[in-house]
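The values are calculated or read from the model by the stated rules, or taken from the named source; none is laboratory data. This is a predicted model, so every value here is computed, not measured. Methodologically, a virtual Cβ is constructed for each residue, glycine included, from the backbone with ideal geometry; neighbour enumeration extends over all protein chains shown.
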Amino acid sequence: MRTTWLLITLLITTPLTAAPLYIERFQSANPDAEALAKAADQVREHKDVKLRENLKVPPFHKEGPPLKEGETFCQGCHLPLPHTKKLRTRSFLNMHTRYIGCETCHFRPEDVKFDYRWLDYGSQKQATVENRFRTGRKIDNAQQLDGSRKIVPFLGAEPVIALPRAPFAEDIAKQWKEGNGDGRTKLKARLHAPLKKEGPACAACHTEQNPLLDLVALGANGEQAIAIRRHVIPQFFGRYKAEEDRLKIIDILQ
C-alpha cells in the first residue's frame, strides 16, 4: 500500500517533460491532399546527395570552417547550404545558416510568440550570451562562426525545435530508411506541415522597427546592432522585387 501511494505521489508532483513544440505540431499534423500530392512528387524526384570533402567554395568564395552533414535536425535530409533556387539571394541566405537555425525562419506559428537565443548544438543546451557578432570591413564572419551555435526559437527555457541525434531524429531517420513511397510521402508532408516554405523578408531583422531578433539580448553591442539593422545589402535587395529587375553591384554603394 505504501508503495502504491508513493507512486501516486510521484506522478502528481513530478512534472512531465513536454516535447518541443515543433514535435507536438508534427505529431498532430494532418496534411491535406494538395500537400500530400506535392510531397509525393518530391519523394519521386528525391536523390541522396553526398557532400564532397574539402569544399573550397563556401558562401562568398572564402574558405571557412568545413561544412558538416547532420549538423541540425533539418540537415538530416537537407544540405548544409539548403538555399539553391533563388539565384539573387541564395549566397546571402546560405551564409546565414552558419548562425541562424532553420526553424528561426521557417517555424513561425502565428499562435505562439518565441524568444530567440543561442543554442549550443554540441551540448543541446542554451549557449551563454557573449558577443558573437563581428562587424567591419576587415572582419570575416565565415571564419568566426563554425555552425556549432545558432540562434533558434525558445519557449520558456527550452528550444522548441527537434534536435539532431535525439530519439525523435533517430526515429524519423529509421522511418524514412524503411518506408516505401507512400510512407515517405506522408512522413515528408507531416514534417513540413508545421513549417512555412518562405522565410521572412530580410527587412524582418534588418530594420529599426520591431525587428524579429533582439540583437542586444543575443550579445551584440549597440553599435553592432545598429550596423546590422541598417545593413546595406538587405536594403539593396528591398529595392529589387520583380524577377526581371537587374541588380548592379554599384547599387550596393548607394
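Among residues that are closer than 17 Å to A39 by Cβ and of a type in the set (D, E), D182 is included. The residues of the range 204-241 that are within 21 Å of the chain's Cα centre (by Cα) and of a type in the set (D, E) amount to a single one, D214.
In the range 176-206, what residues are outside any loop (DSSP other than H, G, I, E, B), surrounded by 13 or more Cβ atoms within 10 Å (Cβ to Cβ) and either of a type outside the set (A, V, I, L, M, F, W, C) or in contact with a Phe, Trp or Tyr (Cβ under 8 Å, 6 or more places away or on another chain) (or both)?
We begin by selecting, within the range 176-206, every residue outside any loop (DSSP other than H, G, I, E, B); these are 176-178, 181-192, 202-204.
Pick out the ones that are also surrounded by 13 or more Cβ atoms within 10 Å (Cβ to Cβ) and you get 176, 183-192, 202-204.
Those that are outside any loop (DSSP other than H, G, I, E, B), surrounded by 13 or more Cβ atoms within 10 Å (Cβ to Cβ) and either of a type outside the set (A, V, I, L, M, F, W, C) or in contact with a Phe, Trp or Tyr (Cβ under 8 Å, 6 or more places away or on another chain) (or both): G183, R184, T185, K186, L187, K188, R190, L191, H192, C202.
Here is a check on your reading of the model: is E170 of a type in the set (D, E), over 30 Å from T128 (Cα atoms) and surrounded by fewer than 14 Cβ atoms within 10 Å (Cβ to Cβ)? Criteria not met by E170. Looking only at residues in the range 100-157 that are of a type in the set (K, R), modelled with pLDDT of 90 or more and assigned to a strand (DSSP E or B), the one that is farthest from H192 (Cα to Cα) is R117.
For A39, indicate whether it is modelled with pLDDT under 90 and either part of a loop (DSSP other than H, G, I, E, B) or crowded, with 18+ Cβ neighbours inside 10 Å (or both).
Criteria not met by A39.
Restricting attention to the range 163-183 and to residues that are touching a Leu at 6+ places or on another chain (Cβ under 9 Å) and of a type outside the set (S, T, N, Q), the residue that is farthest from P20 (Cα to Cα) turns out to be G179. Here the range 66-112 is the region considered, the condition is being touching a strand residue (DSSP E or B) at 6+ places or on another chain (Cβ under 9 Å) and among the basic types (K, R), and the residue that is surrounded by the most Cβ atoms within 10 Å (Cβ to Cβ) is R98.
Looking at the range 238-252, can you tell me whether even one residue there is part of a helix (DSSP H, G or I) and modelled with pLDDT of 90 or more? No, the conditions are met nowhere in the range 238-252. Among the conditions (1) at pLDDT 95 or above; (2) among the charged types (D, E, K, R); (3) farther than 26 Å from A18 by Cα, K186 misses just one, which is (3).
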